[in-house]
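The structure appears right after this line, and notes come after that.
Just so you know, all these numbers are worked out from the coordinates, no wet-lab data involved. Remember, predicted model here, so these are calculated numbers, not experimental data. Neighbour counts are summed over all protein chains in view; Cβ atoms, including those assigned to glycine, are modelled from backbone coordinates with ideal geometry.
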Amino acid sequence: MGFTIRQLPVGKCHSGKNRGGTLLGFKTIITPSKAKLNAHTQKVGQLIERHKSVPQSDLITHLNPIIRGWTNYYASVVSKRIFNKADSILFSQLKAWAEHRHPNKSSQWSCQKYWQTIGSDNWVFKPKNLGLRLLKHRETPIVRHTKVQGNRSPFDGDWVYWSSRMGKHPEAPTRVATLLKMQKGKCAYCGLFFQDGDLMEIDHKIPRSKGGKDSYDNRQLLHGHCHDAKTATDNVAVRVPEIDEDYLNLNPF
Ligand SMILES: [Zn+2]
């Protein structure tokens, strides 16, 4: 699960204060990317529900702009795994849609009717005789801002203050706050300070799939994109994808 942290400048009446009572001039907004994914999933689910009996091509025409819009909007704050997860959930939703339409046919039959093979991808949601196909979230490249890499953290070095403040935030787990404090605001993979708007994710140094424990000495806080890079190397040796606590590996593609 990832968190993005934004510090929005606010007026002095709404500004955060540090422990000494000094105004910080910023208000911290912590947004769990999972909540954004859930909202998107619900919106897509409702659309599919409303289009139970339209032709597949109509459904695709309605879904594509939503997928394109959402992925473009979040391409700088989510990680690849969020897009993979969105595709997995969408696949389940469409499978239910397909099976609902043909209650007397087998699951295999509806898969063959609504999903085609293009290149090495056996799960392209498209009608057999039309060029139209459903977009995949994962096709959208993750965009990283090129930022001036300051030698200061936006959290001002006051780790006790920040961790206590984040720890109280209803949506920020104590784990993130504790790790941020332990790592003095730096990503354990690339060594750079987390910056405003960065996605942070908790990683297991030794993957759980390889017997790593879910304890503080085995946890580290990484940028979302650093986590993707690290997880890719974790999986080279065993070829079994690590299943994160919050990442149900439903991916059929
Ligand atoms: Zn990093």
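Okay, here's what the table says:
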| quantity | calculated |
| --- | --- |
| For the stretch 181-191, 3J(HN,Hα) per residue [Karplus equation, 6.51 cos²θ - 1.76 cosθ + 1.60, θ = phi - 60°, Hz, x = Gly/Pro] | 5, 4, 8, 6, x, 10, 5, 6, 9, 9, x |
| Pairwise label distance in nanometres, Ser107 with Asn64, each label 7 Å out on the Cα-Cβ vector | 2.9 |
| Amide proton proximity set for Arg219, modelled H, under 5 Å, gap of 5+ | Lys205 |
| Theoretical gain in end-to-end length, Asn38 to Asp121 [0.36 nm per residue, Cα-Cα removed] | 27.3 nm |
| Sparse-neighbourhood loop sites, trypsin sites (Lys or Arg not before Pro) in the stretch 47-103 - DSSP loop, at most 16 other Cβ within 10 angstrom | Lys52 |
| Semi-axis lengths (Å, descending) of the ellipsoid that matches the C-alpha gyration tensor of the stretch 33-139 | 23, 15, 13 |
| Packing-based exposure ordering (other Cβ within 10 Å, fewest first) of Ser107, Ser79, Ser120 | Ser120, Ser107, Ser79 |
| Relative contact order of the stretch 33-139, defined on C-alpha pairs under 8 angstrom at six or more residues apart (%) | 32 |
| The stretch 86-99 - phi-based ³J(HN,Hα) in whole Hz, Karplus 6.51/-1.76/1.60, Gly and Pro as x | 4, 5, 5, 5, 4, 4, 4, 5, 6, 5, 5, 4, 5, 6 |
| Per-residue Cβ neighbour rank within 10 angstrom, fewest leading, Ile66, Ile89, Ile206 | Ile206, Ile66, Ile89 |
| 3J(HN,Hα) from dihedral phi, the stretch 71-80, Karplus parametrisation 6.51/-1.76/1.60, rounded to Hz, x for glycine, proline | 5, 5, 5, 9, 4, 9, 10, 9, 10, 3 |
